Amino acid sequence: MSPSSPGFWRSPVRGTWFTAVLGTVLLFGMTLLFVTGLLSYAAYNPDLAAVNDKTPDKGLLGFYLFDWPTDPHWLYRLNQGLHVTVGIALIPVLLAKLWSVLPKLFALPPVRSVSHALERLSLLLLVGGALFEFATGVLNIQLEYLFPGSFYPLHFYGAWVFFGAFVAHAALKLPRTVRVLRERGLREQLRTHDRPPAAEPTVSRRGALGLVGGGSLLLFGTTAGQSFDGWPRATALFAPHGGAEPGKGPGAFQVNKTALSVGVGADRTGEAWRLVVEGRGRTVRLTRADLLGLAQHSADLPIACVEGWSTSDQAWSGVRLRDLAALAGYEDEPPAVLVESLQLRGAFRKAALRDNQVRDARSLLALRVNGADLTPDHGYPARVIVPAAPGVLNTKWVTRLTFGEL
Ligand SMILES: Nc1nc2c(c(=O)[nH]1)N[C@H]1C(S)=C(S)[C@@H](COP(=O)(O)O)O[C@H]1N2
Ligand SMILES: [Mo]
């Protein structure tokens with residue numbers, strides 16, 4: 001028997017009701033992923049294109065971009081925690097949904113009419129787009145940037161292709177979905193089948209939904225902990241950095257890239273280190289002692305990575321970015337800034353911050369955290385920390401700040 005004959009697909013669990021339930025979950029879930037994904041992209045200051053984003057020709061697809069705010073200070077932490085945790089938890093739902101409609105892939109004739117051909121093409125974009133987005137997303141968080149530079153454009157364009165097809169698909173299927181779900185109640189459905197079983201079912205509908213829901217919950221429960229400190233982090237088995245709190249002491253919170261792994265050695269962060277601040281025709285060079293001699297301010301802010309993990313608020317202290325802008329000749333209305341690290345290899349050596357971020361009194365060039373000097377891994381001698389910004393904009397091992405239009 002071939003897959004194109006109906007008898008080949010024997011599971012009585014398949015059917016419009018099972019598909020409709022999973023489709024409804026995905027309707028809300030995928031919409032949340034799309035929205036939080038676009039917000040995450042906006043948070044990256046992609047319009048400061050020279051540095052932060054090299055996505056070619058976003059053009060119209062960048063229509064929603066706005067100046068990412070600095071309040072509330074946990075905004076990116078929440079956004080990205082949702083994006084990654086919900087994304088991972090939806091994997092079993094997506095797979096079950098595809099399984100439930102699999103026979104349609106083999107239906108003959110492959111194309112019945114022009115409109116049928118168009119529908120199949122849209123399904124190709126829908127399914128291909130969904131698998132592509134989940135694959136690139138999971139690879140990016142688990143392999144710590146398999147493709148650092150290219151992940152953003154891939155995931156960004158993939159999202160638009162997927163979502164276009166998703167909207168069309170949802171609009172087409174919504175009336176039927178609503179009808180199927182209204183027809184009979186959940187309890188009854190869990191007991192019955194759409195058609196007489198061709199074989200003894202290996203799993204009941206209740207069992208099938210339980211499997212999908214249980215899988216989802218398991219992934220949720222082993223991922224969500226990465227957005228919290230203390231014991232919940234120990235439950236984050238699927239998090240890229242595992243569930244471990246890195247050591248003890250003031251600097252014992254999650255580290256993205258260690259100093260060693262990107263070749264930042266003590267030879268370049270010791271006495272020889274200087275911070276160069278450039279602005280309106282002025283260049284100022286400062287030692288760490290000079291910086292400690294300037295007015296010190298503190299701010300309680302988290303690190304929230306695009307990978308979804310985050311720390312709770314840490315007590316940072318150092319010099320306000322806007323005070324450094326003033327040193328460079330921008331006494332009032334500080335402009336955007338280009339931040340450069342002394343790091344020689346690897347990604348994230350530079351980042352651009354927008355003027356609203358520079359102006360915020362909590363945006364610091366931090367020298368200390370939790371009452372002690374920064375550890376080498378957290379960016380000693382000096383690092384940027386900005387409220388509500390993605391972790392990637394909080395450049396470590398800073399050596400140069402260039403204020404001005406970007
Ligand atoms: N120079 C430099 N700064 C960097 C990075 C880096 O790799 N190099 N990683 C960024 C990313 S992606 C994150 S999430 C934060 C992590 O900061 P932490 O390691 O202190 O927690 O640092 C950011 N600053
Ligand atoms: Mo990050």
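Would you mind working out the magnitude of the charge dipole of the chain relative to its Cα centre, with +1 at each Lys and Arg C-beta and -1 at each Asp and Glu C-beta, to the nearest 20 Debye?
1480 debye
Taking the Cβ of Leu294 as the centre, find all other residues whose Cβ is under 10 Å away and add up their charges (Lys, Arg: +1; Asp, Glu: -1).
-1
Using a simple charge model, +1 on the beta-carbon of Lys and Arg, -1 on the beta-carbon of Asp and Glu, nothing else, what dipole does segment 6-235 show about its Cα centre, in debye to the nearest 20?
Computed about the Cα centre, the dipole is about 1280 debye.
Per residue of the chain, what 222 nm ellipticity follows from adding -39500 (n - 2.57) for every DSSP H run with n ≥ 4, rounded to the nearest 500?
Helix contribution divided over all residues of the chain: -13500 deg cm²/dmol.
Which one, Leu82, Phe163, Leu342, projects farthest toward the positive side of the charge dipole computed for the chain from Cβ point charges (K/R +1, D/E -1)?
Farthest towards the positive pole: Phe163.
Please give the Cα centre distance for segment 104-165 versus segment 57-78, rounded to the nearest Å.
If you average the Cα positions of each part, the centres end up 24 Å apart.
For the chain, just say rounded, prolate or oblate: build the C-alpha gyration tensor, square-root its eigenvalues into a ≥ b ≥ c, call rounded for a/c under 1.5, and beyond that prolate if a/b exceeds b/c, oblate if not.
prolate
Could you grab the relative contact order for the chain? Cα pairs under 8 Å, six or more apart, rounded to a whole percent.
Result for the chain is 20 percent.
By count of other Cβ within 10 Å, fewest leading, how are Arg112, Arg383 ordered?
Arg112, Arg383
With the dipole of the chain worked out from charges on the C-beta (+1 for Lys and Arg, -1 for Asp and Glu) around the Cα centre, which of Leu174, Ser227, Ser5 lies farthest toward the positive end?
The residue sitting most towards the positive pole is Ser5.
Treating only the Cβ atoms of Lys and Arg (+1) and Asp and Glu (-1) as charged, compute the dipole magnitude of segment 47-177 about its Cα centre; round to the nearest 20 debye.
That gives segment 47-177 a dipole magnitude of about 740 debye.
Report for segment 260-403 the percent antiparallel among DSSP-assigned beta bridges with both residues inside it, nearest 5.
Rounded to the nearest five, the antiparallel share is 90 percent.
Taking the Cα centre of segment 6-235 as the origin and placing charges on Cβ (Lys, Arg +1; Asp, Glu -1), which of Tyr64, Leu139, Leu105 is farthest toward the positive end of the dipole?
Leu105
When the Karplus curve 6.51 cos²θ - 1.76 cosθ + 1.60 is applied with θ = phi - 60°, which whole-Hz ³J(HN,Hα) does each residue of segment 57-65 get, with x for Gly and Pro?
6, 5, x, 4, 5, x, 4, 8, 4
Rounded to the nearest Å, what's the spacing between the alpha carbon centres of segment 349-406 and segment 277-310? Just the number, please.
5 Å
Hey, can you list the DSSP H helices of the chain whose Cα span along the axis is 30 Å or longer and whose average Kyte-Doolittle score is at least -0.5?
Going by DSSP H runs, the hits are 16-43, 114-142, 148-183.
Below 14 angstrom from the Cβ of Leu374, what's the summed charge of the other residues (Lys, Arg +1; Asp, Glu -1)?
For residues surrounding Leu374, the net value is +2.
Count the lysine pairs in the chain that are 8 or more places apart or on different chains: how many have C-alpha atoms under 25 angstrom apart?
The result is 11.
Which net charge results when you count Lys and Arg as +1 and Asp and Glu as -1 among the other residues whose beta-carbon is under 15 Å from that of Pro110?
+2
Values quoted throughout were computed directly from the atomic coordinates according to the rules given, and no laboratory measurement underlies them. Just so it is clear, the structure is predicted and the values come from calculations on it, not from any experiment. Cβ coordinates were reconstructed from backbone atoms using ideal geometry, including for glycine residues, and neighbour counts include every protein chain displayed.
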